[in-house]
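What follows is one structure encoded as structure tokens, with my remarks underneath.
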Amino acid sequence: MFTVSRSKNFSIAVLAVAVLVLAGCSTAEDTVKPSAGASAGTGFPVSVQHKYGTTEIKAAPARVVTLGLSDQDPVLALGVVPVGAIDWFLERPYGKWPWAQPLWAGKAPEIVGERDEFNLEKVAALKPDLILALYSGMSKDQYTKLSQIAPTVGQPVGFDDYAAPWQDMTKLAGQALGRAAEADKLIAGVDAQLAELAGEHPEFKGKSAAVVEPYEPGKYAVFAPTDPKVVLLTKLGFTVPDPIVKAAGDEYAAEIGSEQLSLVDVDKLVFLTADAGTEKTVKADRVYNTLQVAKDNRAVFLPYEEPPLGAALSFSTVLSIPYALDQMVPLLAE
């Protein structure tokens, strides 16, 4: 029987990997100014529904502060450069990733807090005309206080915090910026890329797949079919075996030990690895080596860095997904 849990070790390991994934390298200290070349949004005033109600935005925002982990990506994709952002785990996710770097144009936003701890004074000092906290854990109290500074849009309706699909976050950002049509075009573009790749690789159709994170020797997290990383594989034609569906249940992942690795003896096995040593550790696992997927060399190892394929897949935004697909699909086809 496969078990699902959120053990202390698992939580610590996931946090450690998140620190690695979010490590930033930008050193610019200048606050980003709104791009003069970007066209203003239209259709204002607009009313945007979110977790904490409805926010009215009276005019096209020019000074946007993003408070979610990945909120900057859809905003950048829509032609607006945020003037403020938050830090995660004392790192800076905004300046490093190759899918977003060009859109920042070498500038760094003002840091206005760490993860879900927002510095209201710093936010106010930026004089924003829109605050977005889409991929966040913003509380009702925080929302109330932030709304006194500027129109604030919270998490998408109908999802747990950090669980809304990238499409919903892109649409919400588009509505708030008066660029709903552009957001729809961006989403349609990613969908078209997925459909094109699925058509180019009919060999993927119906093949079983699993996405797994080895978070410590002999311990593995098997992601649920609802996880964004797994959803992308199913869009390419892969399927998730019923045993994995049952093992994950309502959780985002099933935690298993080496003795349960038969669960992921699939046609294509995708490992997300924190560093080069992780792949070596997996390949040294005696149980793993008994699997047919290992014997046939049908496993793909995606590093979080160098290149950041695992990070792009995990970030799962309108900007990172095309980057991930461009580099991941050829590996899946090998």
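The values are calculated or read from the model by the stated rules, or taken from the named source; none is laboratory data. Computed from a predicted model, the values in this text were never measured in an experiment. With ideal geometry, Cβ positions are generated from the backbone for all residues, glycine too; neighbour counts draw on all protein chains shown.
Summary table below
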{"quantity": "Selected residue (only one of Ala247, Ala209, Ala192 is among the hydrophobic types (A, V, I, L, M, F, W, C) and not assigned by TED's automatic domain parsing to the domain that holds Leu261)", "calculated": "Ala192"}
{"quantity": "Every pair of residues 6+ apart whose Cβ atoms lie under 9 Å, when the first sits in the range 262-288 and is at pLDDT 95 or above while the second is part of a loop (DSSP other than H, G, I, E, B) and among the charged types (D, E, K, R)", "calculated": "Val266/Lys207; Val266/Arg298; Asp267/Lys207; Asp267/Arg298; Lys268/Lys207; Lys268/Arg298; Leu269/Arg298"}
{"quantity": "Test for Glu203: is it over 23 Å from Ala62 (Cα atoms), of a type in the set (Asp, Glu), touching a residue at least 24 places away in the same chain (Cβ under 8 Å) and surrounded by fewer than 17 Cβ atoms within 10 Å (Cβ to Cβ)", "calculated": "yes"}
{"quantity": "Verdict on Ala105 being buried (at least 17 other Cβ atoms within 10 Å of the Cβ) and either of a type in the set (A, V, I, L, M) or out of contact with any strand residue (DSSP E or B) (no Cβ under 8 Å at 6 or more places or on another chain) (or both)", "calculated": "no"}
{"quantity": "Set Lys235, Lys171, Lys229, Lys205: member being within 14 Å of Val329 (Cα to Cα), under 16 Å from the mean Cα position of the chain (by Cα) and not hydrophobic (A, V, I, L, M, F, W, C)", "calculated": "Lys229"}
{"quantity": "Qualifying residues in the range 130-148 (those that are surrounded by fewer than 19 Cβ atoms within 10 Å (Cβ to Cβ) and of a type outside the set (S, T, N, Q)) - the one nearest to the chain's Cα centre (by Cα)", "calculated": "Gly137"}
{"quantity": "Selection from the range 235-285 of residues that are β-branched (Val, Ile, Thr) and either touching a helix residue (DSSP H, G or I) at 6+ places or on another chain (Cβ under 9 Å) or not in a helix (DSSP H, G or I) (or both)", "calculated": "Thr239, Val240, Ile244, Ile256, Val264, Val266, Val270, Thr273, Val282"}
